Amino acid sequence: MEFFMRTMIWIPVVVVSLVLITSPARAFHDGGVAYCAGCHTMHVSQNGGPGYHWTPGGNPDLLMYGNATDTCVRCHYFRGQMSNGLGRGPGGDFYWLTKTFTWSTPEGATASSPGHTHGHNVVCNVFNVPADPLLQHAPGGDFLSSELGCTSCHDPHGNQNFRMLYDSQIGPRYVGDTRFAFTADAPLARGNAGTTLVGGGADETDARHTVYKSGFGEWCANCHAAMFDGAGVSHAHPADVALGTTIADHYNGYLSTDQPGGGDPTISYRGLVPFEAVDVDLSAVDPANATAGPGPGDRVTCLTCHRAHATPFADAGRWDFAATFLEADSHPRSGDGGASPQDIANRYYGYVFSPNQRSLCNKCHVKDFGDAPRDR
């Protein structure tokens, strides 16, 4: 577990990548600066010793570590959300899969937040992250949980898509060296940092964040189709549909439970409640200073409420969906079994709330207007 516990200092985007920098050098996953030997061992030996780790005898892909995910996290586990060390981001988010929190309820019962509920259970043998113990397939789809890894979403050899995501042209490797067919193309977005630079300072804030344009719900539906289209589900929350005037006005006006109105649409963006800005010019937008709220045509998407990898909360929630007051009631919190002081400090990635702040569902729905404060 030490692997995941390192200080994390990188970019606050929901999916990991290495992309071209402003120099002639080619990026790692394009076979350039990082070279093939960064992941593979040619003859199962290196510098007079084994060229592999954790897999005696090597493996069919000549990977230096046991499987693709083991190899990915070797570089990406310490790329965190915050330049000051707060938060666990991109590859480091999977740390939360290793953490189970327990606490006593007011009624005297024991409640828990099991690690396997905290996000996508990428099979990582080195750090004892198994396949999801309850879900044999992706919810709403048929992708086998036992096959889930970093390369189920990202092309390790690089492509031109956002975060090197697979698309309808080629899907991820699957059972028996087949390919799992994706029907949707990769989504469009611009990250707030382009390279993996330790100490780069690209911490996620309400102003500095990935700018999402389109296609995220459709892309998630490559594996979660029934959840996206509502098949067999009654009253499911919509995804990748226009907010409409009422919801956009709510979002732009809402500041907090204490101040549910009066917001300025030019600075109303909330990093924990992102949306797809469908008309944004990705070539011109500055993701280090993107503060505008949505218009009626902008869209809610899967990532409005969930992070792509994992969080300390159930269902990879961006906030604790079960908490009445986010600051006081979110788990992990002080006194919880399995929670370290760092876990509690990092649970909201540096975002802070007033004691009265209720669920961030209210950013769009404003159902906390006039609610009693916490001390009553």
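Could you look through segment 64-79, keep only residues that are hydrophobic (A, V, I, L, M, F, W, C) and over 22 Å from Y349 (Cα atoms), and pick out the one that is modelled with the lowest pLDDT?
Of the residues in segment 64-79, the ones hydrophobic (A, V, I, L, M, F, W, C) are 64, 68, 72-73, 75, 78.
Now restrict to residues that are over 22 Å from Y349 (Cα atoms): 64, 68, 72.
On the way: M64: 83, A68: 93, C72: 89.
So the residue we want is M64.
Of everything in segment 171-192, what is in contact with a Phe, Trp or Tyr (Cβ under 8 Å, 6 or more places away or on another chain) and assigned to a loop (DSSP other than H, G, I, E, B)? Give them in sequence order.
Residues satisfying the conditions are G171, P172, Y174, F180, F182, A184, D185, A186, P187, G191.
Identify, by number, the condition in (1) buried (at least 23 other Cβ atoms within 10 Å of the Cβ); (2) at pLDDT below 95 that G85 doesn't meet.
G85 satisfies all of (1) buried (at least 23 other Cβ atoms within 10 Å of the Cβ); (2) at pLDDT below 95 except (1).
Assess whether T291 counts as being surrounded by 15 or more Cβ atoms within 10 Å (Cβ to Cβ), among the hydroxyl-bearing types (S, T, Y) and within 18 Å of C220 (Cα to Cα). Quick ask: steps written out before the conclusion?
Working: surrounded by 15 or more Cβ atoms within 10 Å (Cβ to Cβ): yes; among the hydroxyl-bearing types (S, T, Y): yes; within 18 Å of C220 (Cα to Cα): no.
The answer is no for T291.
Any residue at all in segment 232-247 that is part of a loop (DSSP other than H, G, I, E, B) and either among the β-branched types (V, I, T) or in contact with a His (Cβ under 8 Å, 6 or more places away or on another chain) (or both)? Working first, answer last.
Residues of segment 232-247 part of a loop (DSSP other than H, G, I, E, B): 232-240, 243.
Subset that is either among the β-branched types (V, I, T) or in contact with a His (Cβ under 8 Å, 6 or more places away or on another chain) (or both): 233.
Yes; the residues of segment 232-247 include at least one that is part of a loop (DSSP other than H, G, I, E, B) and either among the β-branched types (V, I, T) or in contact with a His (Cβ under 8 Å, 6 or more places away or on another chain) (or both).
Would you please list the contacts, defined by Cβ atoms under 6 Å and residues six or more apart or on different chains, that run from a residue in segment 316-330 that is among the hydroxyl-bearing types (S, T, Y) to a residue that is surrounded by 15 or more Cβ atoms within 10 Å (Cβ to Cβ)?
Listed pairs, sorted by first residue: S330/D320; S330/A323.
Residue-by-condition table, conditions (1) crowded, with 18+ Cβ neighbours inside 10 Å; (2) outside any loop (DSSP other than H, G, I, E, B); (3) among the basic types (K, R); (4) more than 23 Å from the chain's Cα centre (by Cα):
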{"position": "L255", "(1), (2), (3), (4)": "no, no, no, yes"}
{"position": "G262", "(1), (2), (3), (4)": "no, no, no, yes"}
{"position": "P287", "(1), (2), (3), (4)": "yes, no, no, no"}
{"position": "G297", "(1), (2), (3), (4)": "no, no, no, yes"}
{"position": "F321", "(1), (2), (3), (4)": "no, no, no, no"}
{"position": "H331", "(1), (2), (3), (4)": "yes, no, no, no"}
{"position": "G335", "(1), (2), (3), (4)": "no, no, no, yes"}
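Please tell me if A339 is in contact (Cβ under 8 Å) with a residue 40 or more places away in the chain, surrounded by fewer than 18 Cβ atoms within 10 Å (Cβ to Cβ), within 19 Å of S104 (Cα to Cα) and hydrophobic (A, V, I, L, M, F, W, C). Don't jump to the end; show me each part of the working.
Details: in contact (Cβ under 8 Å) with a residue 40 or more places away in the chain: yes; surrounded by fewer than 18 Cβ atoms within 10 Å (Cβ to Cβ): no; within 19 Å of S104 (Cα to Cα): yes; hydrophobic (A, V, I, L, M, F, W, C): yes.
Here the answer is no, as A339 does not meet what is asked.
Considering only residues that are basic (K, R) and either out of contact with any helix residue (DSSP H, G or I) (no Cβ under 9 Å at 6 or more places or on another chain) or in a helix (DSSP H, G or I) (or both), look in segment 358-376 and name the one that is modelled with the lowest pLDDT. Before the answer, list the steps.
First, the residues of segment 358-376 that are basic (K, R): 358, 363, 367, 374, 376.
Those left that are additionally either out of contact with any helix residue (DSSP H, G or I) (no Cβ under 9 Å at 6 or more places or on another chain) or in a helix (DSSP H, G or I) (or both): 363, 367, 376.
Values: K363: 98, K367: 96, R376: 53.
Among those that are basic (K, R) and either out of contact with any helix residue (DSSP H, G or I) (no Cβ under 9 Å at 6 or more places or on another chain) or in a helix (DSSP H, G or I) (or both), it is R376.
Please go through segment 98-134 and pick out each residue that is part of a loop (DSSP other than H, G, I, E, B) and in contact (Cβ under 8 Å) with a residue 24 or more places away in the chain.
Selection gives K99, T100, H118, H120, N121, V122, V123, N125, V126, F127, N128.
Under 7 Å between Cβ atoms, at least 6 apart or on separate chains: pull out the pairs that start in segment 234-256 with a residue that is at negative phi and of a type in the set (G, A, S) and end on any residue that is modelled with pLDDT of 90 or more and in a helix (DSSP H, G or I).
A239/G217; A239/C302
Given the options A242, A308, name the one that is buried (at least 18 other Cβ atoms within 10 Å of the Cβ) and not basic (K, R).
A308
From the list T110, T41, which residue is more than 27 Å from the chain's Cα centre (by Cα), modelled with pLDDT of 95 or more and of a type outside the set (G, A, S)? Let's see the steps before the verdict.
On the way: T41 fails: modelled with pLDDT of 95 or more.
It is T110.
Do we have D375 as surrounded by fewer than 20 Cβ atoms within 10 Å (Cβ to Cβ), over 20 Å from the mean Cα position of the chain (by Cα) and not basic (K, R) here?
Numbers: surrounded by fewer than 20 Cβ atoms within 10 Å (Cβ to Cβ): yes; over 20 Å from the mean Cα position of the chain (by Cα): yes; not basic (K, R): yes.
In short, yes.
Could you identify the single residue in L135, L97 that is within 22 Å of the chain's Cα centre (by Cα) and closer than 16 Å to H76 by Cα? Explain how you work it out, then say what you get.
Details: L135 fails: closer than 16 Å to H76 by Cα.
Among L135, L97, only L97 is within 22 Å of the chain's Cα centre (by Cα) and closer than 16 Å to H76 by Cα.
Taking the conditions exactly as written (under 25 Å from V73 (Cα atoms), in a loop (DSSP other than H, G, I, E, B) and more than 19 Å from the chain's Cα centre (by Cα)), does A339 satisfy them or not?
Details: under 25 Å from V73 (Cα atoms): yes; in a loop (DSSP other than H, G, I, E, B): yes; more than 19 Å from the chain's Cα centre (by Cα): yes.
Yes; evaluated as a whole, the condition is true for this residue.
Please go through segment 155-180 and pick out each residue that is over 13 Å from C220 (Cα atoms) and either buried (at least 22 other Cβ atoms within 10 Å of the Cβ) or in contact with a Gly (Cβ under 7 Å, 6 or more places away or on another chain) (or both).
F162, R163, M164, P172, R179, F180
For E147, all conditions in the list (1) in contact with a Ser or Thr (Cβ under 7 Å, 6 or more places away or on another chain); (2) at pLDDT 95 or above hold save one; what is the number of the exception?
Result: E147 fails condition (1) only.
The values are calculated or read from the model by the stated rules, or taken from the named source; none is laboratory data. Note that the structure is a prediction, hence the values are computed from the model and not measured. Every residue, glycine as well, gets a Cβ built from its backbone with ideal geometry; the counts of neighbours run over all protein chains shown.
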